[in-house]
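J.: Questions regarding the structure given below will be posed in turn.
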């Protein structure tokens, strides 16, 4: 689709040299899921989120997560109105289409969990009243590695709500030279214009659900999921939510590649970014895109015969 190509090219005007990361981010957007971008500071995590948000003509808010941030600072609060003689809900910054939760693991677990209902049900509840969030709604969270000073591990229930976990990585020498050259005068992000409307995003999300997955591929997916639950190397395997997420992500990837059907390569390429962060190792440590959990997922995928 021409629209998808334009969106991808537009993001890469500001976020250079990482086409595969951009593709995975768009998979998250069109699958209707949320992204967790984990890496060291300074490699472009926030830039990717901003470039994606600016490329879509939607509302956007950046929330800087800090240890003193409160849940009400995110979702909003009810304030008594003397004139109306009643409590009036004042919306928090979460009431936008795209939310950048910057350095999410610098906030306390209590504050982190304030996003659970928003990410799962696309609504928030305050004082017994439910407030729907705008459509589409997407959380792009960035976090620094756990061993960095002043970080709190995300709770398992929240990790499971992220469709994809991505790593940016360092650019190549050639790409870093391009970045230096592009920012001689000013940041290319400043001139980035939207190329897709909210209505178009919602339409593409509906098209994703129409992408076909053959029964043999659904069975292949279930075999991978089942193996994560049976291996003695994992304490907790992939949840049913993870199963649904991989199917939807595979459908979105197929559409991005110009197909209306899923192929085995879609499932194989997405298994680690969709599964690795939601499994728990034997020592009850959460998985990640690097290390033992990712290696276990790769080995499981390689051990299961691909359907013909």
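J.: How far is the Cα center of region 213-235 from the Cα center of region 1-78, in Å?
T.: 30
J.: Then there is this: Quote the relative contact order of the chain in percent (integer), defining contacts as alpha-carbon pairs under 8 Å separated by 6+ residues.
T.: Across the chain, relative contact order equals 21 percent.
J.: Right, next: If you look at just the Cα atoms of the chain, how large are its Rg and its Dmax in Å?
T.: In order Rg, Dmax, the Cα atoms of the chain give 19.8, 69 Å.
J.: What does the helix-only formula give at 222 nm for the chain: each DSSP H stretch with n ≥ 4 adding -39500 (n - 2.57), the total divided by the residues, and the result rounded to the nearest 500 deg cm²/dmol?
T.: Mean residue ellipticity, 222 nm, calculated: -13000 deg cm²/dmol.
J.: If you count, for each residue, the other Cβ atoms within 10 Å and average over each peptide, how do 213-222, 94-103, 163-172 line up from highest to lowest?
T.: In decreasing order of mean packing, 213-222, 94-103, 163-172 become 94-103, 163-172, 213-222.
J.: According to the square roots a ≥ b ≥ c of the eigenvalues of the Cα gyration tensor, what is the shape class of region 164-297, taking rounded for a/c under 1.5, prolate for a/b larger than b/c otherwise, and oblate for the remainder?
T.: Numbers: a/c = 2.58, a/b = 1.35, b/c = 1.91.
Taking the square roots of the gyration eigenvalues as a ≥ b ≥ c, region 164-297 is oblate.
J.: Relative contact order (percent) for region 211-303, with alpha-carbon contacts under 8 angstrom and 6 or more residues of separation?
T.: Over region 211-303, the number comes to 31 percent.
J.: Would you calculate the separation in nanometres between label points at residue 5 and residue 265, each defined as 7 Å from the Cα along the Cα-to-beta-carbon direction?
T.: 1.7
J.: Also, I was wondering about something else. If packing is taken as the average count of other Cβ atoms within 10 Å, what order do 153-162, 174-183 fall into, highest mean first?
T.: Highest to lowest by the protection proxy: 153-162, 174-183.
J.: Continuing with this model, one more query. Taking only Cα atoms and a 10 Å spring cutoff, compute GNM fluctuations for the chain and point out the largest among 106, 241, 54.
T.: Taking springs between Cα atoms under 10 Å, the residue moving most is 241.
J.: Kindly rank 250-258, 107-115 from highest to lowest mean number of other beta carbons found within 10 Å of each residue.
T.: 250-258, 107-115
J.: Considering just Cα atoms, how many Å³ per residue does the convex hull of region 86-188 enclose?
T.: Values: hull volume 17.5 nm³, N = 103.
Normalising the Cα hull of region 86-188 by residue number yields 170 Å³.
J.: Sticking with this one: Give the whole-number value, in cubic angstrom per residue, of the convex hull volume spanned by the C-alpha atoms of region 1-94.
T.: Value for region 1-94: 144 Å³ per residue.
Bear in mind these aren't lab numbers, they're just calculated from the coordinates by the rules spelled out. The model shown is predicted, which means the values in this text are computed figures rather than measured ones. Virtual Cβ from ideal backbone geometry, glycine too; neighbours counted across all protein chains shown.
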